[in-house]
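Some notes on the structure that comes next.
The values are calculated or read from the model by the stated rules, or taken from the named source; none is laboratory data. The shown structure was predicted, so the numbers you read here are calculated from the model rather than taken from an experiment. With ideal geometry, Cβ positions are generated from the backbone for all residues, glycine too; neighbour counts draw on all protein chains shown.
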Ligand code: MG
């Protein structure tokens, strides 16, 4: 009797097209393990990421808007879920492996710092080199499960590492996640910027309104459909008309939102929180939680402190700062 997993591996050969990645053809895990009876290797990766601590922390990490006051702004967790949905839709239409696509999507931002890209830039300034995609791989390889890591498949690992533009191609599923990440953040950050009143509907350039759409769902649908229709030849791409609108969209978002002076003002505050915390723990390595002490010994204090601080949620970083540097108030009854 074949196992459920073996049956699924057979089904994949009919569902997944020539450009997709079969779970039965995976390059395997860094440390070999027996196969599961029910789930394919990529299904297991989806589950491992979903059950990780770093995944749960995404709930309290900023996407773009720091410490948002409303309940409807995106967090790093809802961003991740939106990426996974968009990527699975594209992967299914292109006959790629949806499970691998989902595993990469859910893991791609696990290494993101507190306070979004402001936090990432602050850590890069402080340490000299920090990239969230490299840290995402470090989280799944080393930091989860008290230093044992999740031992994910090579295809999932490489997809997590190269989800940022400019990295070499590994699988088409990874390319789909990379594009889906952009589709997701441009659209939800525009939606949030409008919610915050930073951008008015009429500020959005005409090329975006005409070619992509005026509503969030309309824009996502237009970009996803265009990508599906133009990716048939084993490469993930937009049509030239959508590529032009997409470039204008990105340029607009950088000018209006990501480099907005209001947001920039908040950035110096982020560095003002993270730099003293980094300094403090670099000078007091013994105060790190026990799981980081072994890292400090093996790879030096800077690596251990970076691992610890980059893993913090926004709220945890703020309360750490308060505990370390703000005198406690004496409550008077
Ligand atoms: Mg992302």
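Some values worked out for this structure:
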quantity: Within region 226-235, considering residues that are part of a helix (DSSP H, G or I) and in contact (Cβ under 8 Å) with a residue 60 or more places away in the chain, the one nearest to the chain's Cα centre (by Cα); calculated: 227
quantity: Pairs where the first residue, in region 70-89, is assigned by TED's automatic domain parsing to the domain that holds residue 113 and the second is assigned to a loop (DSSP other than H, G, I, E, B) and away from the ligand (no atom under 13 Å from the Cβ), C-beta under 7 Å, 6+ apart; calculated: 73/65
quantity: Filter pass, residue 118 being assigned to a helix (DSSP H, G or I), within 13 Å of the ligand (Cβ to nearest atom) and outside the structural domain of residue 313 (by TED's automatic domain parsing); calculated: no
quantity: Qualifying position, being buried (at least 17 other Cβ atoms within 10 Å of the Cβ) and in a helix (DSSP H, G or I), among 262, 306, 302; calculated: 306
quantity: Matching residues in region 94-107 - criterion: being buried (at least 24 other Cβ atoms within 10 Å of the Cβ) and either within 16 Å of the ligand (Cβ to nearest atom) or at positive phi (or both); calculated: 101, 102, 103, 104, 105, 106, 107
quantity: Filter pass, residue 74 being within 15 Å of the ligand (Cβ to nearest atom), within 17 Å of residue 181 (Cβ to Cβ) and modelled with pLDDT under 95; calculated: yes
quantity: Any hit, region 67-81, residues being within 27 Å of residue 21 (Cα to Cα) and buried (at least 20 other Cβ atoms within 10 Å of the Cβ); calculated: yes
quantity: Yes/no for residue 110 being more than 11 Å from the ligand (Cβ to nearest atom) and crowded, with 24+ Cβ neighbours inside 10 Å; calculated: no
quantity: Within region 55-71, considering residues that are within 12 Å of the ligand (Cβ to nearest atom) and part of a loop (DSSP other than H, G, I, E, B), the one modelled with the lowest pLDDT; calculated: 64
quantity: Unmet requirement for residue 91, which otherwise passes all of (1) farther than 30 Å from residue 301 by Cβ; (2) within 13 Å of the ligand (Cβ to nearest atom); (3) in contact with a helix residue (DSSP H, G or I) (Cβ under 6 Å, 6 or more places away or on another chain); calculated: (2)
quantity: Test: residue in region 46-54 that is assigned to a loop (DSSP other than H, G, I, E, B) and either in contact with a strand residue (DSSP E or B) (Cβ under 8 Å, 6 or more places away or on another chain) or assigned by TED's automatic domain parsing to the domain that holds residue 223 (or both); calculated: yes
quantity: Condition met for residue 58 (over 17 Å from residue 173 (Cα atoms) and assigned by TED's automatic domain parsing to the domain that holds residue 135); calculated: yes
quantity: Some residue of region 24-41 being more than 25 Å from residue 144 (Cβ to Cβ) and touching a helix residue (DSSP H, G or I) at 6+ places or on another chain (Cβ under 8 Å); calculated: yes
quantity: Qualifying residue in region 276-286 (condition: part of a helix (DSSP H, G or I), assigned by TED's automatic domain parsing to the domain that holds residue 124 and either out of contact with any helix residue (DSSP H, G or I) (no Cβ under 9 Å at 6 or more places or on another chain) or farther than 27 Å from residue 175 by Cβ (or both)); calculated: no
